[in-house]
1. In what sequence, highest mean first, do 90-100, 35-45 appear when ranked by Cβ atoms within 10 angstrom?
2. Gain in length, residue 88 to residue 103, computed as 0.36 nm per residue apart minus the alpha-carbon separation, to one decimal in nm?
3. Please report Rg (one decimal) and Dmax (integer) in Å for the Cα set of region 60-115.
4. Packing-wise, with mean Cβ within 10 Å as the measure, how do 49-55, 82-88 rank, highest first?
5. Roughly speaking, what is the stretch gain from residue 73 to residue 21, that is 0.36 nm per residue apart minus the C-alpha to C-alpha distance, in nm to one decimal?
6. Could I have the simple spin-label model distance between residue 54 and residue 34, label points 7 Å from Cα toward Cβ, reported in nm to one decimal?
7. Residue 47 versus residue 65, label points 7 Å from Cα toward the beta carbon: distance in nm?
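No value in this document is a laboratory result; all are computed from the given coordinates. Being a predicted model, the structure only gives us computed values, none of them experimental. Every residue, glycine as well, gets a Cβ built from its backbone with ideal geometry; the counts of neighbours run over all protein chains shown.
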């Protein structure tokens, strides 16, 4: 709901500037919120259909992204430092490939945030799986 509020707030500010009637403002804000919620519900239905699909190329993209993020995070924080330490102990001057972890962390944090919502659903007893 917080993300929805962040999307609607700028539009509400524009409505406030151009619409003087308070009832009309409330009606327009309600229509915008309803449209956003309907779009979210439609996306949830698409997600459900994708998740139940038998093909791994349709249903498997989320786990794939999760595994890529996990493996890359393991490399970045565990494997590469251990390799560098081992190379230094062995007297080998070897630079390992580096990458911009900030781009991957954005994807990972988004997935973990969604995972947190799933845990919240399960705690509240509204999860179906």
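1. On the way: 90-100: 8.3, 35-45: 10.9.
Sorting 90-100, 35-45 by mean packing, highest first, produces 35-45, 90-100.
2. On the way: separation 15, 0.36 × 15 = 5.40 nm, distance 2.87 nm.
So the chain would gain 2.5 nm between residue 88 and residue 103.
3. When restricted to the Cα atoms of region 60-115, Rg and Dmax are 14.1, 44 Å.
4. Values: 49-55: 10.3, 82-88: 12.0.
Most protected by this proxy first, the peptides run 82-88, 49-55.
5. Numbers: separation 52, 0.36 × 52 = 18.72 nm, distance 5.26 nm.
Once the chain is fully extended between residue 73 and residue 21, it gains 13.5 nm.
6. Computed distance between label sites residue 54 and residue 34 equals 4.1 nm.
7. It is 1.0 nm.
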